[in-house]
């Protein structure tokens with residue numbers, strides 16, 4: 001079996017004869033999200049992989065070590081770019097987000 005979750009999802013969806021939209025409806029996600037998983041633009045969370053397995057009685061493997069490493073490298077690049085943006089904004093970015101990078105409520109700024 002292919003270890004790429006996106007390809008596994010696409011194969012399973014095609015085996016079921018479903019559109020991305022219909023496949024996603026059955027597990028509570030949009031067709032656009034299914035497309036992002038299938039093309040590898042987004043790695044599906046384990047919760048989604050479990051829901052797919054439960055709903056379609058198909059086994060989907062979690063991302064392998066190589067995929068996880070690639071994701072971590074991308075996250076590191078994003079963090080670096082965010083730091084550069086923060087420096088360009090003169091520290092104003094820091095006041096807009098909390099320590100986890102989530103937007104603060106307007107009254108917290």
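Over all directions, how big on average is the projection of the convex hull of the alpha-carbon atoms in the range 5-56, in square nanometres?
For the range 5-56, averaging the hull's shadow over all directions gives 2.9 nm².
How much length, in nm to one decimal, is gained on full extension between residue 72 and residue 15, taken as 0.36 nm per residue of separation minus their Cα-Cα distance?
Values: separation 57, 0.36 × 57 = 20.52 nm, distance 3.17 nm.
Computed gain between residue 72 and residue 15 is 17.3 nm.
Computed from the coordinates by the stated procedures, all read-outs in this text should not be read as laboratory data. The structure presented is a predicted model; accordingly, all values stated were derived computationally and were not measured.
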